[in-house]
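Visitor: Input: one structure, supplied below.
The values are calculated or read from the model by the stated rules, or taken from the named source; none is laboratory data. Predicted, not measured: the structure shown is a model, and the values here were computed from it. Cβ: placed from backbone, ideal geometry, glycine included. Neighbour counts: every protein chain shown.
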């Protein structure tokens with residue numbers, strides 16, 4: 001067998017490529033890395049969770065704008081959703097309508113008493129521009145948790161999650 005300047009030809013062919021053990025070690029390391037990434041991903045959020053968080057932010061911004069402009073604002077919960085209302089000094093006008101999530105059961109309470117949602121929207125919860133806050137909770141009950149919207153003593157809308 002001829003010997004080349006770069007070494008024996010048979011030896012060079014046997015060393016070309018990776019052994020099965022090396023390939024299996026690389027696959028094991030990659031599997032561990034993929035497993036670590038998958039385990040660190042957050043759980044998917046329910047539609048009710050996303051909608052209640054968006055409602056909290058939009059209602060809070062709406063009421064803060066009313067306090068800054070000196071305008072009376074109101075929330076009008078009804079069977080179809082939640083209407084944001086503003087009062088221009090003469091009449092109530094609809095600013096936005098927020099639909100309830102499809103997978104939630106809605107519970108509305110005023111001053112600790114459960115109240116049935118009306119068919120039509122109207123100004124049920126009045127927010128004075130000087131900071132008067134009605135005592136209310138709107139609970140969006142889903143399979144995974146209950147998402148409760150209410151106002152704190154400073155007039156901000158807060159959301160709590162009860163699992």
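Visitor: Which of the residues spanning region 88-104 are surrounded by 13 or more Cβ atoms within 10 Å (Cβ to Cβ) and under 27 Å from the mean Cα position of the chain (by Cα)?
Guide: 95, 96, 97, 98, 100, 101, 103, 104
Visitor: Same structure, new question: Taking the conditions exactly as written (exposed (fewer than 15 other Cβ atoms within 10 Å of the Cβ) and touching a helix residue (DSSP H, G or I) at 6+ places or on another chain (Cβ under 9 Å)), does residue 143 satisfy them or not?
Guide: yes
Visitor: Quick one: which strands (runs of 3 or more DSSP E) lie wholly within region 72-161 and hold at least 3 residues that are over 25 Å from residue 49 (Cβ atoms)?
Guide: Strands (runs of 3 or more DSSP E) meeting the threshold: 72-78, 81-87, 92-99.
Visitor: Looking only at residues that are in contact with a strand residue (DSSP E or B) (Cβ under 8 Å, 6 or more places away or on another chain) and surrounded by fewer than 16 Cβ atoms within 10 Å (Cβ to Cβ) in region 146-162, which one is farthest from residue 65 (Cα to Cα)?
Guide: 162
Visitor: Shifting gears a bit: Quick one: residue 116 ticks every box in (1) modelled with pLDDT of 90 or more; (2) surrounded by 13 or more Cβ atoms within 10 Å (Cβ to Cβ); (3) more than 26 Å from residue 129 (Cα to Cα) bar one, so which box is it?
Guide: Exception for residue 116: condition (2).
Visitor: Still on this structure, I have one more. Determine whether residue 56 is within 17 Å of the chain's Cα centre (by Cα) and within 18 Å of residue 125 (Cα to Cα).
Guide: When the stated conditions are applied, residue 56 passes them.
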